[in-house]
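Written out below as structure tokens is the structure these notes cover.
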Amino acid sequence: MKRRTTLTCFALSALAASSLLPSLATATEPLPVVASFSILADLVQVVGGDRVKVSTLVGPDADAHAFEPKPADAKAILGAKLFVINGLAFEPWAQKLAKSANYQGQTLLASQGIQPRHMPPEPGHTHGHAETDPHGWQDPRNVILYVKNIAKSLSSLDPEGASSYQKNSETYIQELNALDQFAKDQLAAIPQPKRQVITSHDAFGYFAARYQIRFLAPQGINADTEPSAKEVAQLIRQIQRDKIRAVFVENMSNPKLLAQITKDTGVTLGPKLYVDALSSPSEPGATYLKMMRHNVTQLVAGMKLN
Amino acid sequence: MMMILETLWDLLIGPFAEFAFLRRALVATLALAVSAAPLGVFLTLRRMSLLGDAISHAVLPGVAVGFMLSGLSLGAMAAGGVVSGMLAAALAGFISRFTTLKEDASLAAIYLMALALGVTLLSSHGTQLDLLHILFGSALGVDAQGLLLVAGVASASLITLAAFYRALVLETFDPVFLAASGARRWQRRGWLWQQLFLMLVVINLVAGFQTLGTLMAVGLMMLPAVSARLWHESLSAQLLNASAQAALAGVAGLLLSYHLDTPSGPTIIGCAGLLYGVSLLVSPGGWLPQVLKRPHRVG
């Protein structure tokens, strides 16, 4: 299945390249690119600069897992020369949408080449098949790969802009390295046993692995499933035993249950974290870099109280 | 002896004593059991057992409008849900009065339209939040505000039911008699009682959705009601039995959800379903007594 997709991609891109290059050579208007969700759109915009026109299917503060494409989305894809998706089954609807829209352009899996992590098997559930964790962008070093992939794709579609894409991505990679360093510096102040955080959604796998933080996101506390009383009880006990004060919700989930848990344990709920989507421009997570810096700052502030 | 008592305490009381969230879930479930289950009995008597499901879809557009106007506010979403549920029920009643369609047929048509409208409203708002999860809570996440809503609705609906009990019973069993009775003119209007009753159903369901989730709200209303009808001939006994079964299912479901690590809402409904199964077998109106009562064939 995967091989066939890749082959199709190759075939399509060859086709696209042969038919589109002549027209592109003379075109001065920006290259139309569609990104599946807000974080990718931000990366494409940074790399592409003025030479690309990015539109996003799943906008800020919206959940790419639960997205249902509309006809307008198919139309947006049809007008694009490049469709950037994360891959790793983050947007299972994306390939289907591209196919049903009869999209002929290139599709880029931005996460190509990163070392995939597996979701921890859910405790207490016997069907322990490990799923791939799609939230690769939570580790800035992965995003360096994302950016390189994007720059490569854009350059192949628009060779004239190659040097500009190269320059933009190099500048951005420096910023990503700075972000990585910032996170490490900030976290240096937190001793290992205090690096425990409770969140509403287990999307921090890559982040946790990079910065050695233990994220507790018990099954059922996330929005997808109905919780059992036992899980909630265990979480409360754990908060009390380990004196965890760092409790956060992310920007797209229902904070009700976690809010109640914090109330019962006398913990104050930390500010929103931005995980699967950027925030609206007025809030602190409007770009990838801002989002990550916001998350790091808030998490560190929370863990200091542990 | 002490050992047994201690084990019993750990099994039955301990969880509630230790965890505030379980106590809140218990209070919300009990309040809903007391007020929703009797309404379920009236629904089954009126052969409208599936109305709860229909209404649970019909509230969606109102909840969506409430969400669009004021975000994740419990009050706004509840008010919107009540308004659109009431509108759907009233419209269905209106259609069945003035056309040849029966109430259930017109309600089916209305709730499907309302559902479509609700989904369209939600998606046109642009957000891709999984609203079903936001609109419909879990018993374990009930907060003080939600508790107040359930308790308020339960009190209001019980008092209303008590005050208009006679009229409602009459309207349910013998609307012709009600119309011809010596009551005052406005009291003889059957549709008045019907609308009042439907309003009670709607507010109970909305309170139930917000705090316990759709499945729970409709399940706690209907399952105990259906099985209570198997046990008694008299209406008042059926009403009490339904409330008792709903309360028992609530307590047992929460305890099982705690001990067996299962989702709370479905476990509570599962317990109500179990009680229904037992009732089907051993209650006076159930299978076993019917078999035993069957007269022997004279050979």
Problem - Selection from segment A:165-196 of residues that are within 15 Å of residue A:208 (Cα to Cα) and not in a helix (DSSP H, G or I) - result: A:190, A:191, A:195, A:196
Exercise for the section: Return the pairs, sorted by first residue and then second, in which the second residue is assigned to a helix (DSSP H, G or I), the first residue lies in segment A:275-298 and is charged (D, E, K, R), the beta carbons are less than 7 Å apart, and the residues are 6+ apart or on different chains. Expected result: A:293/A:179; A:293/A:182
Completion exercise
If we ask which residues in segment A:59-86 are within 19 Å of the chain's Cα centre (by Cα) and modelled with pLDDT of 90 or more, their number turns out to be 5
Practice task
Answer with yes or no whether residue A:270 is free of Cβ contacts under 8 Å to residues at least 40 places away in the same chain, of a type in the set (Gly, Ala, Ser), farther than 16 Å from residue A:203 by Cβ and not assigned by TED's automatic domain parsing to the domain that holds residue A:60.
Solution key: no
Problem - Qualifying positions in segment A:47-106 - within 14 Å of chain B (Cβ to nearest Cβ), touching a Phe, Trp or Tyr at 6+ places or on another chain (Cβ under 7 Å) and over 22 Å from residue A:143 (Cα atoms) - result: A:67, A:69, A:93
Exercise for the section: Answer yes or no as to whether residue A:46 is at pLDDT below 95, crowded, with 18+ Cβ neighbours inside 10 Å and within 17 Å of residue A:110 (Cα to Cα). Expected result: no
Handout entry: Matching helices (runs of 4 or more DSSP H) fully within segment B:1-116 where at least 1 residues are of a type in the set (Asp, Glu)
Key = B:2-8, B:14-18, B:51-58
Exercise for the section: Return yes or no: is residue A:104 modelled with pLDDT of 85 or more and either within 30 Å of residue B:71 (Cβ to Cβ) or of a type in the set (A, V, I, L, M, F, W, C) (or both)? Expected result: no
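The values are calculated or read from the model by the stated rules, or taken from the named source; none is laboratory data. Remember, predicted model here, so these are calculated numbers, not experimental data. Cβ atoms come from the backbone with ideal geometry, glycine included; neighbour counts cover every protein chain shown.
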